[in-house]
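The values are calculated or read from the model by the stated rules, or taken from the named source; none is laboratory data. Nothing here was measured: the structure is a model prediction, and the numbers come from that model. With ideal geometry, Cβ positions are generated from the backbone for all residues, glycine too; neighbour counts draw on all protein chains shown. Just the protein is used for accessible areas: all its heavy atoms, side chains included, with ligands, DNA and RNA removed. Shrake-Rupley method; radii C 1.70, N 1.55, O 1.52, S 1.80 Å.
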Amino acid sequence: MKINRLFFSLFLGLLSSAHGQMVSTSDVSSIALFPQQNEVRNRLTISGIWKFKKDSLELGEKEVWQNGLKNFRSIAVPGSWNEQLEDSRDYLGMVWYENESFLPSSWKGQQIFIRIGSATYAAKVWVNGQLIGKHEGGNLPFAFDIGSAVKWGVSNRISIQVENQLKPSRVPAGNVQGGPFSNFPKSNYDFFPFAGLHRDVWLYSLPVIASIKDIVVKTNFTGTTGQLDVQVTTEGKAAKGRVTVRGNGQTYESAISVVNNHASAILSLPNVRLWSPDDPFLYTIDVQLGDTKTTLDHYRLETGIRTISATDKQILLNGKPIFLKGFGKHEDFPIFGRGSANPVIVKDFALMKWVGANSFRTSHYPYDEEFMNMADREGFLIIDEIPAVGLYFHGDTTELAQRQAVCKQYINELITRDKNHPSVIMWCVANEPFPKNISLTGNAADRTASPKSVELFKELFALVKQKDATRLATLVGVMGGPMEWLGLGDVVCVNRYYGWYTHYGDMDGAIKLLNLEMDAIHKQFQKPIILTEFGADAYAGMHTEQPEMFTEEFQTNFIKAYLDFADKKDYMAGMHVWAFSDFKTSQAIIRFGGMNYKGVFTRDRKPKAAAHFLRDRWKTK
């Protein structure tokens, strides 16, 4: 088996090099488990300072830049090139990254992989000049087997080609004719299209004889007894193993038998300690292949035991109503751009806890895995969103089909990656999809969804439920968008800015309209409603004695008016302020300085008046 796999990898590599056509695409199962270091697995990060070179004419591959860059610059990985380089803020074309690394000799005889946490938007990967594979779509990881290309005893060259060209066929889309945004760069969404290697790059190894490919954990409880349903997918020749669960001073163990590369175990946990924001307790699950004498493979993960469901008015965590208080936010920070920075992750959670939040949405793309791990540990509830922001369903049918295929790919990748996080309570298949015509007048005739759009959304929801029926599913509706889309999920999520984009400064009129609309939506769908975005821009330090748009006073009053409205409605299940912090956007006449100032914290995380207001309000409830 090992010889055949190696021969096949070499064969594909020769074909790729010779013809430039057969290129491996990432297998979604390869991202199911984050690389781990233990007695049989290895990992090595190669993040740091890389070589970097623009390729605006797209000649690099023809000129074999994969064999070594010349006249290069330096760049940090993770990080967006738009924030690091003085001449590249708006550049979204092709670039090349290069780094080198030795492989420890102890890895010999194992399967060797490269895992890239996020490359926005499209990437090709070479190792020692050999084309390994390609991936489309940012904000999610992909991995390739590089065993056929690595060398031992010498440094290995890793070359990654990346480009983030804005195209109507991509998700999210850009350069859309007649799109809702007039901006530069011309994205079909209201945040900056940062580009680059935004998360860590890892080399890692797996055992050859037998390895754990995936672990799926489903949780439940009855009374005071918890239940863990553990499904294990393997590769290789393992016949048996065991699952061990530790937590709350107890240890539980179950033997497993591997049949057709699959094994399962169901464990009961008396006196279970349920996971919740008030007590985010995590159990440790160890899965081992082999017997008591020999460990063929081993993987450890943490998860919490909890259930999530919805009634016609409430979201139930562990069978009890819970109200979502929190934010929409962005992975955005000066200099880093969209690049992951662990100190920023820690700071963001500290500030969210400081104001009394218990939840957030990964607007408008999946966040770094360390963000998800922190949410598990800190007890935050997450609406986990694919990068499908600004979808539309009119125009070129070929491009529409391409966008739908990418959305399905994102759903597969996201659920594969995040399925075991107790913090994730809801999958979101889209944010603010746009109809051909959008109406802010409230005229229902102008807000009808096309039959094709409903059909495509039903496909996405069906795929979510096929992949994971244990969580809720939703999409986030745009202000003035069709009603038909809102009822397709388990929870109605909408973004509303009455008092800002309409009814400018008139909060009485804004809340009157909000009240009428939300009552009508709930009457029609009989599902709980979350306002996933509401907010107003405030330029830090701008004050007036009477609230006025763009001042900190107006932002505070705007948020207060919306929260007061929600307190009076028993069908409101959550309120997410837009936004947690100010963030970078494309240039536009409504975006002073290329920024969205709706954050209650500044871009560098200094609190505005609204942050103090939320702390006073949420900490006392």
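Of the cross-linked pairs K512/K608; K325/K598; K51/K151; K329/K608; K54/K186, those separated by over 24 Å at the C-alpha level are K512/K608.
Annotation: average projected area of segment 435-530 is 6.4 square nanometres, based on the convex hull of Cα atoms across all directions.
Near E302, within a Cβ-to-Cβ distance under 9 Å, what is the net charge of the other residues, with Lys and Arg +1 and Asp and Glu -1?
Working: positive: R300, R377; negative: D376.
Neighbour charge sum, excluding E302 itself: +1.
Note on segment 468-602: semi-axes of the ellipsoid equivalent to its C-alpha gyration tensor, largest first and rounded to whole Å, are 27, 17, 13.
Shape class of segment 344-491 from the Cα gyration tensor (axes a ≥ b ≥ c, square roots of the eigenvalues): prolate, since a/c reaches 1.5 or more and a/b is larger than b/c. If every alpha-carbon in segment 25-180 counts as one equal scatterer, what log10 I(q)/I(0) does Debye give at q = 0.11, 0.13 1/Å? Each listed q corresponds, in turn, to -0.47, -0.64. Relative to the dominant Cα principal axis of the chain, helix 342-355 is inclined by about 30°. Relative to the longest principal axis of the Cα atoms of the chain, the long axis of helix 2-19 lies at roughly 70 degrees.
What percentage of the solvent-accessible surface of the chain, computed with a 1.4 Å probe over protein heavy atoms, is contributed by carbon and sulfur atoms?
Working: 13100 of 24750 Å².
Carbon plus sulfur share of accessible area: 53 percent.
In whole angstrom, how far apart do the alpha carbon centroids of segment 560-609 and segment 296-356 sit? Result: 18 Å between the Cα centres. Lysine pair count for segment 358-473 with Cα-Cα distance under 15 Å and sequence separation of 8 or more or different chains is 7.
Three principal axis extents of segment 554-621 based on alpha-carbon atoms, in descending order, are 40, 23, 19 Å.
Write down, largest first, the equivalent ellipsoid semi-axes of segment 264-325 in whole Å, where each equals the square root of 5 times an eigenvalue of the alpha-carbon gyration tensor.
Working: eigenvalues 223, 26, 23 Å².
For segment 264-325, the semi-axes come out at 33, 11, 11 Å.
Every helix of 4 or more DSSP H residues in the chain counts as -39500 (n - 2.57), and over all residues that averages to -7000 deg cm²/dmol at 222 nm.
Once the mean of 1/r is taken over each pair of separate Cα atoms and inverted, segment 121-248 shows a Kirkwood hydrodynamic radius of 19.4 Å.
For the chain, go through all pairs of different Cα atoms, get the mean of 1/r, take its inverse, and jot down that Kirkwood value in Å. Can you show the working numbers first?
On the way: mean 1/r = 0.0391 Å⁻¹.
Evaluated over the chain, this radius sits at 25.6 Å.
The percentage of C-alpha pairs in segment 246-373 whose separation is greater than 27 Å is 42%.
If you average the sequence gap of Cα pairs under 8 Å that are 6 or more apart and divide by the length of segment 343-401, what percent do you get for the contact order? Numbers along the way, then the final one.
On the way: 44 pairs, mean separation 20.2, N = 59.
In percent, rounded to a whole number, it is 34.
For segment 196-281, the square roots of the Cα gyration tensor eigenvalues, ordered a ≥ b ≥ c, give a/c of at least 1.5 with a/b no greater than b/c, which places it in the oblate category.
Can you order the peptides 112-123, 567-578 by their average number of other Cβ atoms within 10 Å per residue, highest first?
Details: 112-123: 23.6, 567-578: 20.2.
Most protected by this proxy first, the peptides run 112-123, 567-578.
Ranked by the mean number of other Cβ atoms within 10 Å of their residues, highest first, the peptides 458-469, 136-147 fall in the order 136-147, 458-469. With every protein chain kept in place and ligands, DNA and RNA left out, what is the accessible area per residue of segment 419-516? Probe 1.4 Å, answer in Å². Averaged over the residues of segment 419-516, the accessible area is 38 Å².
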